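The values are calculated or read from the model by the stated rules, or taken from the named source; none is laboratory data. Everything numeric here is computed off the predicted structure, so don't read it as measured data. Heads up, the Cβs are rebuilt from the backbone with ideal geometry, glycines too, and the neighbour counts pull from every protein chain shown.
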Amino acid sequence: MPAKRPITFAVATYGSDEVLKSNFLASPLLSGPHPHQILIQRDYPSAAKAYNDAIDRAENDLMVFAHQDMIFPETWLEQLDRSITYLDGVDPNWGVLGCCGVANGGAAHTWVYHPTQGMLGGRFDSPVPIPTLDEIVLIFRRSSGLRFDDQLLHFHLYGTDICMRAAKKGMQSYAVPAFCVHNGTYHPLLPKEFYQNFRYISEIWKDCLPIYTSCGVIAKIPLSMYKRRMREVYLQHIQRKAVLTPREKDGASLLRHVLSGMETR
């Protein structure tokens, strides 16, 4: 990406820096000199508080909020730049961009690799308008005036909330075709904190229901989430197979392995 569009990257992290160092900070796009600002937001009680503080301290207008286990190839900046240039022509008031979006009806628009789940989605040509984005990567302009909801606790569904906030301001959100790797763990059980945020979102955005998210549908009668919770209870207490799948230890090696078998430009 040309230096004329520098980015402030914000990453919320806690505990050991091992995951951060072997993934996000090992991203090829951050190797060598670059014009970008990196804000590592350590040990905040919630993503909303961590990222609002980052907004206050950002030196650049364009901000990327990413999980610490994301790995960005060099091509990611070029692909993001193409998407923004496209949107500047068709929708200059765009709201939030991301690498994993969910359309009404539940169809996902993504081009992300996960070591447990494999390639999620695939290449698409241009930004796709969607109602919500997954939290792995969120992108917006500081000048948009968007901020995260400080009342939203923990680290779940803040991507859904920020997209809803953008929509309330008349700004459309988009999934963008910018390939990256999410070297995340996988667990079939959602934590109780997720369901707390689920109930909070369903209340504050009750006039906008149903809301399609990457984790399920938030609705007045959330049948899909009831079914998911029933499955979780079955796995945990009856089948006893709710096993955590760990992430790959070396994110840079994982990225090289994935790129060796594909073309991302």
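Taking segment 113-148 as the range and being in a loop (DSSP other than H, G, I, E, B) and surrounded by fewer than 19 Cβ atoms within 10 Å (Cβ to Cβ) as the test, the residues that pass are T116, Q117, G122, R123, F124, D125, S126, G145, R147. Counting only strands (runs of 3 or more DSSP E) that sit wholly inside segment 155-265, those with at least 1 residues that are at pLDDT below 90 and either of a type in the set (D, E, K, R) or under 23 Å from G122 (Cβ atoms) (or both) are 216-218. Which ones in segment 54-81 are surrounded by fewer than 16 Cβ atoms within 10 Å (Cβ to Cβ) and in contact with a strand residue (DSSP E or B) (Cβ under 7 Å, 6 or more places away or on another chain)? Correct list: R57, E59, D61. Residue-level analysis places A103 outside the set of residues that are closer than 24 Å to R147 by Cα and in contact with an Asp or Glu (Cβ under 7 Å, 6 or more places away or on another chain). Restricting the first member to segment 136-154 and to residues that are among the charged types (D, E, K, R), and the second to residues that are exposed (fewer than 15 other Cβ atoms within 10 Å of the Cβ), the beta-carbon pairs closer than 7 Å and six or more apart or on different chains are R141/D61; R142/D61. The number of residues in segment 172-199 that are surrounded by fewer than 19 Cβ atoms within 10 Å (Cβ to Cβ) and closer than 24 Å to I139 by Cβ comes to 3. Do we have any residue at all in segment 15-32 that's among the hydroxyl-bearing types (S, T, Y), out of contact with any Pro (no Cβ under 9 Å at 6 or more places or on another chain) and loosely packed, with under 14 Cβ neighbours inside 10 Å? Yes: one or more hits.
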